[in-house]
Amino acid sequence: MNTQQIATAQKAVAASHDGSMAFPHIVGTLIEAGFEAYTVDYRRNRSTYYLPDGDSVDIDLHPVDDIVAAAFDASTVEAAVREAQTQAPGYTYAGFCRKVRAAGCAGYMVSFSGRHVVYFGRTAEVHVEYFPQ
């Protein structure tokens, strides 16, 4: 992995949190840099960005105090995703993270080639969201 790819992954994390790029733009930037997927792990408070050759880089997320709830509530996760997709008034990525953690989401994996996101709970329950066409 080269330094430009690492910088792109770091920028993606920062842009998510400061709201300077929406999810579709972040996805495009990561794909252009050669990434095929990334995972956000709320229990470890970090994200991992993957290249097709198996190389990866871990990026720490912004520190938070909230924990992942024990029970996974897929409908609440789905509602938070809809708020993000529509950029609902008051939407922030930090708020999204709080909502899905409270709904028992331990993390999610974004697959660019598969064009979907898998949100998962602490006991491996899942909610799948496909990229809009």
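The values are calculated or read from the model by the stated rules, or taken from the named source; none is laboratory data. Keep in mind it's a predicted model, so treat the numbers as computed, not measured. Virtual Cβ from ideal backbone geometry, glycine too; neighbours counted across all protein chains shown.
Please find, within the range 122-133, the residue that is surrounded by the most Cβ atoms within 10 Å (Cβ to Cβ) out of those that are out of contact with any strand residue (DSSP E or B) (no Cβ under 6 Å at 6 or more places or on another chain) and of a type outside the set (S, T, N, Q). Break it down stepwise before answering.
The initial filter retains those residues of the range 122-133 that are out of contact with any strand residue (DSSP E or B) (no Cβ under 6 Å at 6 or more places or on another chain), namely 123-125, 131-133.
Going one step further and asking which of them are of a type outside the set (S, T, N, Q), we end up with 124-125, 131-132.
Working: ALA124: 8, GLU125: 16, PHE131: 14, PRO132: 7.
So, considering only residues that are out of contact with any strand residue (DSSP E or B) (no Cβ under 6 Å at 6 or more places or on another chain) and of a type outside the set (S, T, N, Q), the one surrounded by the most Cβ atoms within 10 Å (Cβ to Cβ) is GLU125.
Looking at TYR49, TYR38, which is the one that is in contact (Cβ under 8 Å) with a residue 60 or more places away in the chain, of a type in the set (Phe, Trp, Tyr) and either under 19 Å from ALA14 (Cα atoms) or crowded, with 17+ Cβ neighbours inside 10 Å (or both)?
Working: TYR49 fails: in contact (Cβ under 8 Å) with a residue 60 or more places away in the chain.
Testing whether each residue is in contact (Cβ under 8 Å) with a residue 60 or more places away in the chain, of a type in the set (Phe, Trp, Tyr) and either under 19 Å from ALA14 (Cα atoms) or crowded, with 17+ Cβ neighbours inside 10 Å (or both) leaves just TYR38.
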Restrict the check to the range 110-124 and report whether at least one residue is within 21 Å of HIS25 (Cα to Cα), among the aliphatic types (A, V, I, L, M), out of contact with any His (no Cβ under 7 Å at 6 or more places or on another chain) and without any contact (Cβ under 8 Å) to a residue 60 or more places away in the chain. yes
Only one of TYR91, TYR119 is in contact with a helix residue (DSSP H, G or I) (Cβ under 9 Å, 6 or more places away or on another chain), over 20 Å from THR8 (Cα atoms) and either part of a strand (DSSP E or B) or modelled with pLDDT of 95 or more (or both), namely TYR119
Among the residues in the range 64-76, are any more than 14 Å from GLY107 (Cα to Cα), of a type outside the set (Phe, Trp, Tyr), in contact with a strand residue (DSSP E or B) (Cβ under 6 Å, 6 or more places away or on another chain) and modelled with pLDDT of 95 or more? no
Criterion first (of a type in the set (Asp, Glu), on the phi < 0 side of the Ramachandran plot, touching a residue at least 12 places away in the same chain (Cβ under 8 Å) and in contact with a Lys or Arg (Cβ under 9 Å, 6 or more places away or on another chain)) does ASP60 satisfy it? yes
Among the candidates ALA79, ALA88, ALA103, ALA74, which residue alone is crowded, with 16+ Cβ neighbours inside 10 Å, without any contact (Cβ under 8 Å) to a residue 40 or more places away in the chain and more than 13 Å from VAL40 (Cβ to Cβ)? ALA103
Among the residues of the range 122-133, which ones are in a loop (DSSP other than H, G, I, E, B) and not aliphatic (A, V, I, L, M)? ARG122, THR123, GLU125, PHE131, PRO132, GLN133
Among the numbered criteria (1) among the β-branched types (Val, Ile, Thr); (2) more than 19 Å from VAL126 (Cα to Cα); (3) in contact with a helix residue (DSSP H, G or I) (Cβ under 8 Å, 6 or more places away or on another chain), which single criterion is violated by VAL68? (2)
